[in-house]
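Okay, structure first, notes after.
The values are calculated or read from the model by the stated rules, or taken from the named source; none is laboratory data. Not measured: the values here are computed from a predicted model. Heads up, the Cβs are rebuilt from the backbone with ideal geometry, glycines too, and the neighbour counts pull from every protein chain shown.
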Amino acid sequence: MADSYGQNCNKCGFCLSVCPTYQAQGTEDASPRARIQLIDFFSDHKLGSSEKLKDIISKCLMCGSCANICPAGINHPERYVRMREKMIRDHGDRPEIKSLVSLLAKESRIRMAAGAAGMAQKIVPRVFAEKYRLGNIALKQFPVLNNVPFRTATRRAMERMPGQKSKGVPALKYGRVVYFTGCATNYLFDDTGFAVLDILRHMGVEVIIPDTQTCCGIPMLFHGGREKVKNNLNTNLACLDAQGIDAVIVDCPTCGAALKNDYPGLAKEFGLDQEAANRVAEKVVDISTFIMAHARPEGFPQNHEAIHVTYHQPCHLRNHMPAPGSAQALLNALQGVEYIPALDMDSCCGGGGTFFYEYPEVSRGIAKKKVTNAKATGAELWVTDCPVCRINLGGYLDDAAGLTVVHPARLAAQFLPDLKGRKG
């Protein structure tokens with residue numbers, strides 16, 4: 001008998017209307033209902049393990065749109081993750097993906113790899129960076145790694161100014177928060193990190209940035225490394241479940257979805273502190289939602305020169321977080337911002353973690369439509385909350401596009417009184 005996760009699939013096809021890989025390829029084996037049926041056949045021993053089956057199950061962006069629309073309530077992502085684990089055990093995985101899973105299991109490895117990659121970016125000849133690609137994205141289009149990890153930079157800044165309050169910070173209005181920076185902000189996009197920090201301080205919030213935090217574990221989970229997630233989960237719970245914390249702030253919706261939706265179940269499965277996982281999950285909130293709940297965006301000084309902005313809504317924000325429209329609400333609330341929605345604002349960009357690298361042609365087809373529609377808005381800035389979306393969409397933009405991809409916090413921060421006009 002098929003396992004209980006897939007018993008209720010009635011092949012209705014609702015999932016076809018929202019699946020980005022099906023819409024890009026147009027073949028049944030790229031659809032969620034086909035994957036569920038194949039998993040059921042495998043569970044019933046009607047279908048054997050094979051490289052082809054592994055490829056079909058893996059060629060999914062893990063966006064969660066199918067689960068959100070499924071009238072039978074099937075948890076597609078959970079079923080895919082479990083099946084991927086079996087397929088990887090049977091057939092292995094690409095060496096570079098296995099290396100990534102191993103790397104993300106220890107913060108020291110991430111730090112070492114980021115340092116090496118940063119040095120390579122500085123010495124690689126431009127002709128090499130233009131010629132070689134990761135997936136379909138030229139190396140020159142990838143973001144430059146932070147000179148210093150964001151968490152290290154903020155710690156050093158605080159050590160230089162012990163007890164000194166930031167200029168212009170009002171009296172404490174809203175307690176204490178922990179800022180979970182994730183890997184991308186710490187090693188790639190420190191502009192997002194400093195913007196989040198500036199905004200929270202402006203709001204009168206005490207911000208704690210734990211040095212010991214590490215990867216949320218979702219990339220490992222998606223690539224068969226479930227057991228490796230245990231140490232990351234335990235490490236993160238230890239530093240995020242602090243007394244007197246009012247919120248756990250995230251700037252990445254994938255990290256937020258992991259902390260909020262996956263950690264309680266994983267903690268139970270691994271025999272870890274489930275109460276701590278529940279407490280953390282209850283406090284997770286993305287930065288745009290936090291701003292809209294506790295600040296007055298109209299109180300940010302008006303920018304006299306209008307900025308034209310469009311927005312891409314990440315799948316993990318739309319499908320897994322409780323207030324997916326907060327970034328758009330923030331864009332509409334900020335004076336001096338003219339928000340111009342793109343036709344496909346809420347459709348997947350084709351990034352999907354490592355999907356853009358593993359299935360470059362499918363990813364490119366999805367991303368190029370997004371780029372075309374974003375350009376059509378005439379916007380100067382393309383705002384998105386997800387770092388992988390930022391990498392993927394930015395990878396298909398050249399200087400002639402006149403469009404720069406930024407995090408919503410980066411846009412909001414430039415309206416702060418002492419930061420207006422800051423470049424970066």
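Some points to look at:
- Of the residues contained in segment 309-320, one or more are found to be crowded, with 22+ Cβ neighbours inside 10 Å and either assigned to a loop (DSSP other than H, G, I, E, B) or free of Cβ contacts under 8 Å to residues at least 12 places away in the same chain (or both).
- Given (1) surrounded by fewer than 24 Cβ atoms within 10 Å (Cβ to Cβ); (2) in a helix (DSSP H, G or I), number of the condition R390 does not satisfy: (1)
- Scanning segment 261-277 for residues that are of a type outside the set (F, W, Y) and under 13 Å from G217 (Cα atoms), we see that the one that is surrounded by the fewest Cβ atoms within 10 Å (Cβ to Cβ) is N261.
- Any hit, segment 228-237, residues being crowded, with 23+ Cβ neighbours inside 10 Å and hydroxyl-bearing (S, T, Y): no
- Considering L221, L272, the condition of being among the hydrophobic types (A, V, I, L, M, F, W, C), under 30 Å from K98 (Cβ atoms), in contact with a helix residue (DSSP H, G or I) (Cβ under 7 Å, 6 or more places away or on another chain) and not in a helix (DSSP H, G or I) is satisfied by L272 alone.
- Residue in segment 222-244 that is polar (S, T, N, Q) and within 26 Å of V337 (Cβ to Cβ) present: no
- Segment 32-69, subset within 23 Å of the chain's Cα centre (by Cα) and in a loop (DSSP other than H, G, I, E, B), residue surrounded by the most Cβ atoms within 10 Å (Cβ to Cβ): C63
- Residue ranges of helices (runs of 4 or more DSSP H) in segment 90-156 with at least 1 members more than 21 Å from the chain's Cα centre (by Cα), under 28 Å from D198 (Cβ atoms) and outside the structural domain of L233 (by TED's automatic domain parsing): 107-123
- Count of residues meeting criterion [in a helix (DSSP H, G or I) and either within 15 Å of E78 (Cα to Cα) or of a type in the set (K, R) (or both)] in segment 195-218: 2
- Against the test of being modelled with pLDDT of 95 or more and of a type in the set (A, V, I, L, M), the options V178, V205 yield a single qualifying residue, V178.
- Matching residues in segment 343-383 - criterion: being surrounded by fewer than 20 Cβ atoms within 10 Å (Cβ to Cβ), touching a helix residue (DSSP H, G or I) at 6+ places or on another chain (Cβ under 9 Å) and at positive phi: G353
- Residue in segment 5-15 that is buried (at least 21 other Cβ atoms within 10 Å of the Cβ) and within 27 Å of the chain's Cα centre (by Cα) present: yes
- Subset of segment 224-267 (residues that are in a helix (DSSP H, G or I) and aliphatic (A, V, I, L, M)): V229, L233, L237, A238, L240, A257, A258, L259, L266, A267
- Restricting D273, D262, D241 to residues that are in contact with a Lys or Arg (Cβ under 6 Å, 6 or more places away or on another chain) and either polar (S, T, N, Q) or assigned by TED's automatic domain parsing to the domain that holds F180 (or both) narrows the list to D241.
- Meets criteria (of a type outside the set (D, E, K, R) and more than 19 Å from P77 (Cβ to Cβ)) for I249: yes
- Any hit, segment 186-194, residues being part of a helix (DSSP H, G or I) and among the charged types (D, E, K, R): yes
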